[in-house]
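To start, the structure itself, in structure tokens.
The values are calculated or read from the model by the stated rules, or taken from the named source; none is laboratory data. For clarity, every value in this text was computed on a predicted model and none was experimentally measured. When we count neighbours, we look across all protein chains shown, and the Cβ atoms used for this are built from the backbone with ideal geometry, even at glycine. These area figures cover heavy atoms from the full protein model, side chains too; ligands, DNA and RNA do not enter into them. Shrake-Rupley method; radii C 1.70, N 1.55, O 1.52, S 1.80 Å.
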Amino acid sequence: MQNKSNELDKQEVIFEDLGIVDYKTAWDYQEKLLQENVSIKSELRKLQSIGDEPWSMDHGPSTTNHFLLCEHPPVYTLGKSGNKDNVLMSDEELEENHIEFYNTNRGGDITFHGLQQIVGYPILDLEKYYTDIGKYLRNLEEVVILTIADYGIKGERSSGETGVWIDTSIKGRERKICAIGVRCSRWITMHGFALNVNTDLGYFNNIIPCGIENKQVTSIEKELGHKVDYGEVKEKIKQNFEKVFGSVLIENKE
């Protein structure tokens, strides 16, 4: 009975694997899901203001949690507080090399998305979990730390920096394997993490990743010396997301 009770306590999260999708399409989809949830919250608060009963997340229409996984064709994205000077290519060079560029509304600085990189976009109502952005970021990191541990890679956190790192205590050897940048509106999240699996790391030579100089970028492939099964890593990400966030992923059948 205890196991059944624990299952009932878990948050349901609709899961979608978007496959290879251009950055703008995925961004627009995230915005759509976020705004749908924000509208529901606005309506609930309106009901609270005119009703006699104390407002509760357990009454009325409910927000819906989502978790999206995808790959993007080559693209550089800049966070809202980032510095465009951290892109070391001109607009003409970006076009010549078929690399897209977007200013975004997430936190963080410049990063790269490309094929064989797992990008995760949770659209979660944190009021159903905890209202703590710092904890949310640490939990995203934990999902990745647990995932790469299955490949014998020790992921670490770097003080004052988001993402997942390796060898943070060895000066000159610090290297980032996963970037994280999020946005939160009315406690609804969007954007997320990008884990380098078999990613072409050459693209990072054209930027100062996350605006941090003199630190390297790595991938699971580079750390192990061989390619890994991309689909297998995605499955581990899903399992560890469920574990860390106390959730159950429900496949979107639409």
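A few points about this structure:
- Pairs are defined by a Cβ separation below 8 Å, a sequence spacing of at least 6 or placement on different chains, a first member in the stretch 225-247 that is farther than 12 Å from GLN117 by Cα, and a second member that is basic (Lys, Arg); the pairs so defined are GLU242/LYS10; GLY246/LYS10; SER247/LYS10.
- Filter pass, ILE237 being surrounded by 16 or more Cβ atoms within 10 Å (Cβ to Cβ) and β-branched (Val, Ile, Thr): yes
- For the stretch 218-231, the tally of residues that are open to solvent by 80 Å² or more (accessible area, probe 1.4 Å) and in a helix (DSSP H, G or I) stands at 1.
- Any hit, the stretch 162-174, residues being at pLDDT 95 or above, open to solvent by 10 Å² or more (accessible area, probe 1.4 Å), among the hydrophobic types (A, V, I, L, M, F, W, C) and not in a strand (DSSP E or B): no
- Qualifying residue in the stretch 236-248 (condition: under 18 Å from GLY120 (Cα atoms), small (Gly, Ala, Ser) and either in a helix (DSSP H, G or I) or modelled with pLDDT under 95 (or both)): no
- When TRP55 is tested against the conditions (1) at pLDDT below 95; (2) outside any loop (DSSP other than H, G, I, E, B); (3) farther than 24 Å from GLU161 by Cα, the lone failure is (2).
- Selection from the stretch 73-126 of residues that are among the acidic types (Asp, Glu) and closer than 16 Å to ILE177 by Cα: ASP109
- Considering the conditions (1) surrounded by 16 or more Cβ atoms within 10 Å (Cβ to Cβ); (2) assigned to a helix (DSSP H, G or I); (3) not β-branched (Val, Ile, Thr), PHE101 is excluded by exactly one of them, (2).
A quick yes/no check of all residues on (1) over 15 Å from TRP187 (Cα atoms); (2) within 19 Å of the chain's Cα centre (by Cα); (3) surrounded by 12 or more Cβ atoms within 10 Å (Cβ to Cβ):
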site	(1), (2), (3)
THR111	yes, yes, yes
LEU126	no, yes, yes
TYR129	no, yes, yes
TYR136	no, yes, yes
LEU140	yes, yes, yes
ALA149	yes, yes, yes
ILE153	yes, no, yes
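- Qualifying positions in the stretch 9-44 - open to solvent by 20 Å² or more (accessible area, probe 1.4 Å), charged (D, E, K, R) and part of a helix (DSSP H, G or I): ASP9, LYS24, ASP28, GLU31, LYS32, GLU36, GLU43
- Condition met for LYS222 (within 17 Å of the chain's Cα centre (by Cα) and among the charged types (D, E, K, R)): no
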